[in-house]
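Undergrad: Here it is, the structure in full.
Coordinate-derived values only; no laboratory data. For clarity, every value in this text was computed on a predicted model and none was experimentally measured. For neighbour counting, all protein chains shown are included, and Cβ atoms are generated from backbone atoms with ideal geometry for every residue, glycine included.
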Amino acid sequence: MASRKANHLAILAGALAVSCGSDETGKETGQSSNETGQSAETGQPSAETGGTETGEPSPTGEDGPGAFSSDFKTSGDYFTNMDGFVLGTSPHGTVRIWYSRNVEGIISADEFTVPVGTVSIKEYDNDSDNIGVDGLAVMIKQEAGYDPENNDWMYEMRSLDGELMLDDAGEPMQGAMATCVECHSAYSSTDYLAGTQMTGGAPEDGPGGFQADYETSDQFFTFMDEPVLGTSPHGTVQIWYSTNIMYLVADEEFTVPEGTTSIKIYDHEGDGVMEGYALMIKEAAGYDSEHNDWRYQMLELDGSVVIDNEGEPMDGPIAMCADCHSAYSSTDYLGGL
């Protein structure tokens, strides 16, 4: 997986160099009727929000954590209004955005100013290339005076392990970064935060079965560049998953929708010759409720179903398969992720 993503920083750096006055607000127009927090009639700060001497609305709510946290997806200090990843129009491609809990009550409003310490963490697939999440784009609200012309935001680009990325000069990608400011200044009504009204993103149903062209089909993806020695009875394997869960698998815990399909090609003997396929197909609720409703298939290389020693097709809620895969309960019985 790491080798498939080695060039993403270079791709991102190129994308960020491009001007991007695009819309990621999740609103119909991408603009609120009043971007300044001022009354439309008087030009003064709105009575509902109050205001500062500069004409900006006063911050609402308590201060935020003030720093990136690598456990943002499981911590109670952060939230998201998105069920999954959504294709945006910014250089970050397909995204899911998290916010520090202190702004939960205002983040969907048309206009607001956030308090010091507020954090936004955007998971992104910069090139929407069907092989998962590339990195994290972070915004942290600093004390007044940090960058007063641009609402005092500090920007960070981080890898999925939380480490700061480095630019082409070897410097950390952190600070009042001009390329970030250029885009986010378009969202003055929501204090430079883009995508605040984005929702949705729940994964769709999958294909529901084997496809012989899975290696070239846009219906499947893999994190494995080549077969690797696994720890299962299947020996050396390469695993493909239906693309409906492409972003879901970035989470530590998840449940996949109906029709999700996993195709594992395996070399049980370890002699370099692939012998067949082990499939998992998510069926409708009630198919095998005690084992997360998975249907298992053992297929020959030509796609036909393997026949067991009793002359029965190896297709169904196979007990020996469920016994192994039940160990992966946090990822809905899917191993190898």
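Undergrad: Rounded if a/c is under 1.5, else prolate if a/b beats b/c, else oblate: with a ≥ b ≥ c from the C-alpha gyration tensor eigenvalues square-rooted, which is region 163-242?
TA: Numbers: a/c = 3.59, a/b = 1.79, b/c = 2.01.
It comes out oblate by the Cα gyration axes.
Undergrad: Further, regarding this structure: If you rank HIS92, HIS291 by fewest surrounding Cβ atoms within 10 Å, what's the result?
TA: On the way: HIS92 27, HIS291 18.
With the fewest neighbours first, HIS92, HIS291 line up as HIS291, HIS92.
Undergrad: What value does region 223-305 have for Rg/Rh, both radii from Cα atoms and Rh as Kirkwood defines it?
TA: Working: Rg = 13.7 Å, Rh = 13.8 Å.
My calculation of the ratio gives 0.99.
Undergrad: Right, next: Want the number for VAL228 to VAL306: 0.36 nm per residue separation, take away the alpha-carbon distance, what's left?
TA: Values: separation 78, 0.36 × 78 = 28.08 nm, distance 2.31 nm.
Between VAL228 and VAL306, full extension yields 25.8 nm more.
Undergrad: To make sure I understand, if each residue's beta carbon is the centre and we count other beta carbons within 10 Å, what order do VAL306, VAL237 fall in, fewest to most?
TA: Working: VAL306 16, VAL237 21.
Ranked by crowding around the Cβ, least crowded first: VAL306, VAL237.
Undergrad: Okay, moving on. Give me the one-decimal Kirkwood hydrodynamic radius in Å for region 179-337, with the sum taken over alpha-carbon pairs.
TA: When all Cα pairs of region 179-337 are included, the Kirkwood radius is 17.4 Å.
Undergrad: Can you order the peptides 166-172, 317-323, 255-261 by their average number of other Cβ atoms within 10 Å per residue, highest first?
TA: Numbers: 166-172: 10.3, 317-323: 15.0, 255-261: 20.0.
Packing proxy ranking, top to bottom: 255-261, 317-323, 166-172.
Undergrad: At 1.002 mPa s and 20 °C, plugging the Kirkwood radius over alpha-carbon pairs of region 277-323 into Stokes-Einstein gives what diffusion coefficient in µm²/s?
TA: Diffusion coefficient, whole number: 194 µm²/s.
Undergrad: Going by a ≥ b ≥ c, the root eigenvalues of the Cα gyration tensor, does region 74-174 fall in the rounded group (a/c under 1.5), the prolate group (a/b larger than b/c) or the oblate group? Write down the numbers at each step before the final one.
TA: Working: a/c = 1.78, a/b = 1.15, b/c = 1.55.
Verdict is oblate for region 74-174.
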